[in-house]
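Notes for the one structure printed next.
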Amino acid sequence: MLVTKALGELGDQYTLPLRYRITSGDEGFRQMTLPHPSSQMRVCEIYLEYADLITYYCTKSSFSLRFPSKISSSFFRRNPLADLNKYRDSTVTPHDKDGLYRHPSSYFVYGGINKYYKYFYSDEFYDLEKRFSYMLRLDVSKCFPSIYTHTVSWAVKDIDFGKNNVRAKSFGNELDSAMQRMNYNETSGIPVGPEFSRIFAEIILQSVDVKIKNDLQDAQCIEGRDYVIRRYIDDFFVFCSDRDMAEHIRMLVASKLADVNLHFNNAKTELIERPFQTKGSSIVEAGLAVLEEFWRQNTRTTDKDGMALSYAIPIKNHNLLAKSLIRSIKTVCHENKANYSSLTSVLTAAIDSRIQRVIDSHDRGVIPSALIQNQIYLLMALLEVSCFLYGVNPTVPASYKLGRSIILATRFVERNYREFLPIFSEHLIRQCSGFLNAATETSLAQSGVVPIEQIDVLVCLTELPNEYFRTLTPLVRKMAAGVSDYFSLINVLFVAGRTGLLPALGPPFYSKVTAAVTDKSRPHRKAEDLFKLFDLLSCPHLSLDIRQRLVQGALTGLGMSAINKVRREAIANDFEQNPWFTRWGSIDLLREITRRELNRAY
């Protein structure tokens, strides 16, 4: 009854998405969007009805490096570190054969590359450098906020295809309508975050690609002979043999983008003459080289069953070891006149893979017993470096890598060498406390900024035994006192409930919970109201009395008749048995992090 009213009775009316700001490196803040579930359901219907047209209009361009190419059946990823499966949470019973490795990624299979930087290490990139003297880089400025939704209808006007496919005539209008309904009936700008927005933009940009190619062909410029253009979402790479051709193509691309109200970020326009070595790729290679040298000096590598395994040699002081690597990374940044943002994600990923390698080496029995303590010290040093990098430049990808490193290392120590758990836990808490406290102060001082990345790490720290995690009680109290947004409220509740800290938050926090859903709430219209309502009703850490009162507030806000307490409690119990957006019960955080990473279609 309540669910049906909240999700199913809007028809063609608009919904208000949940908008929130996150830190975004040098750019300051970035606004993200989480659509109302009813709008997401409409997108599912569009995928089901128009999947063939979506893939048709997203495979017209030869320029694109990332595009939906066909309907997906399943996703499989084999992890060579198979023994890590033993570090899954044993309290979680899988209901399928997915384990850590099989997860649905998207409704579509995506062609091309899945990460921007990979193109610069591809065979094609090296081949193009041999063939062409110049590479022109062009970046579309504020692409998604600048897109006019009606543009998608113009982009799909394909007369020849339309004659043979009547559904194509209404396809553009359906996309336009769904995007507007998702975004408060706005026609200027599309939300940043949803996969649907990426597909929406890709259809428009593919139409731009086709027009660019046709105009160049009319000018006797042949693709592959005179030029090659590649585009990753809103970044263009133009390969050609002379400056005049580069300028001609730059002006043409600018003209075609202007036709759809898009423009270049001139500050990021760059013409590079061979060698095609960008500032970003230079610092990444230098950073990885520093890490590899650190690894070579402090580990020994052996081969077993065809797999290269590594373990630490004697380590005198893990703190000094970590700081020596941090100094080397600082030197790389200084010499390349770059900041940490160029290295954070790639180095936290590389450190995570090395932590996995040490753990796998232990589980395969190649580490001498006399060196066990040194493996713990190496893990502590690697985590310290990863925490430092993350602290100076927190990003979502880095939070996943650091989070997985924390979980794996904690489970490894707890299950194999509990005698080292106190020193390991205290060290980890000390490394994380600084940036967690700083993020909390920032979110309190700057209204509307949600510390999503730090929240991710805090959740992963709940893997530590409660007696160690409780040293973070003052931090959790401070977060609880300042919560005003959906993410902070639910995650404080999740962390406090998981670690037994909920009673320490006291009545003020419970007042915030009950104030989150009132008779002024509009869960059928506002995404944040619905997310709060459904998650709070399903939370087992809240008393049944609190949750039945939330039900009453929601019913009033939805314009529904009041019901008695017994029925309200029945609704609350049903939500607890069938949780929606947050899994409050037994949850394997390691698996969830892997699922999140695999679900990033773009």
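The values are calculated or read from the model by the stated rules, or taken from the named source; none is laboratory data. Computed from a predicted structure; not experimentally measured. Backbone-built Cβ (ideal geometry, glycine too); neighbour counts: all protein chains shown.
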Among 439, 504, 480, which is the only one that is in contact with a Ser or Thr (Cβ under 9 Å, 6 or more places away or on another chain) and over 30 Å from residue 24 (Cβ atoms)? 504
Which residues, taken from segment 130-179, are among the β-branched types (Val, Ile, Thr), part of a loop (DSSP other than H, G, I, E, B) and modelled with pLDDT of 80 or more? 147, 149, 156
I want to confirm something. Restricting to segment 542-565 and keeping residues that are touching a Leu at 6+ places or on another chain (Cβ under 6 Å) and of a type outside the set (Lys, Arg), which single residue is farthest from residue 586 (Cα to Cα)? 554
Tell me which residues, restricted to segment 413-437, are among the hydroxyl-bearing types (Ser, Thr, Tyr) and in a helix (DSSP H, G or I). 425, 433
Working carefully through the options 547, 567, 591, find the one that is without any contact (Cβ under 8 Å) to a residue 24 or more places away in the chain and of a type outside the set (A, V, I, L, M). 567
Considering only residues that are in a helix (DSSP H, G or I), among the hydroxyl-bearing types (Ser, Thr, Tyr) and over 22 Å from the mean Cα position of the chain (by Cα), which ones fall in segment 479-533? 499, 510, 511, 514
Out of segment 449-478, which residues are within 21 Å of residue 414 (Cβ to Cβ), in contact with an Asp or Glu (Cβ under 9 Å, 6 or more places away or on another chain) and outside any helix (DSSP H, G or I)? 463, 464, 465
Which pairs turn up if I take residues in segment 210-232 that are outside the structural domain of residue 256 (by TED's automatic domain parsing) and part of a strand (DSSP E or B) and look for partners that are surrounded by fewer than 19 Cβ atoms within 10 Å (Cβ to Cβ) and at pLDDT 95 or above with beta carbon separation below 9 Å, at least 6 apart in sequence or on another chain? none
Hey, residue 71 modelled with pLDDT under 95, closer than 17 Å to residue 195 by Cβ and of a type outside the set (Gly, Ala, Ser) or not: yes
In segment 180-209, how many residues are in a helix (DSSP H, G or I), of a type in the set (Gly, Ala, Ser) and under 24 Å from the mean Cα position of the chain (by Cα)? 2
Subset of segment 177-208 that is of a type in the set (Asp, Glu) and surrounded by fewer than 20 Cβ atoms within 10 Å (Cβ to Cβ) - its residue that is farthest from residue 48 (Cα to Cα): 186
Selection count where residues are within 17 Å of residue 459 (Cβ to Cβ) and of a type in the set (Val, Ile, Thr), scope segment 489-545: 4
Number of the condition not met by residue 7 [criteria: (1) at pLDDT 90 or above; (2) farther than 30 Å from residue 352 by Cα; (3) not aromatic (Phe, Trp, Tyr)]: (1)
Test set (1) over 22 Å from the mean Cα position of the chain (by Cα); (2) crowded, with 20+ Cβ neighbours inside 10 Å; (3) in contact (Cβ under 8 Å) with a residue 60 or more places away in the chain; (4) not assigned by TED's automatic domain parsing to the domain that holds residue 291 - residue 415 fails condition number: (2)
Given the residues 570, 554, 601, which is the only one that is among the small types (Gly, Ala, Ser) and at pLDDT below 90? 601
With respect to the numbered conditions (1) under 16 Å from residue 293 (Cα atoms); (2) under 28 Å from the mean Cα position of the chain (by Cα), which one is the sole condition not fulfilled by residue 310? (2)
For residue 291, state whether it is farther than 29 Å from residue 151 by Cα and modelled with pLDDT of 95 or more. yes
Looking at (1) within 18 Å of the chain's Cα centre (by Cα); (2) surrounded by fewer than 23 Cβ atoms within 10 Å (Cβ to Cβ); (3) of a type in the set (D, E, K, R), which one does residue 363 not meet, given that it meets all the others? (1)
Output the residues belonging to segment 294-309 that are modelled with pLDDT under 95 and surrounded by 16 or more Cβ atoms within 10 Å (Cβ to Cβ). 309
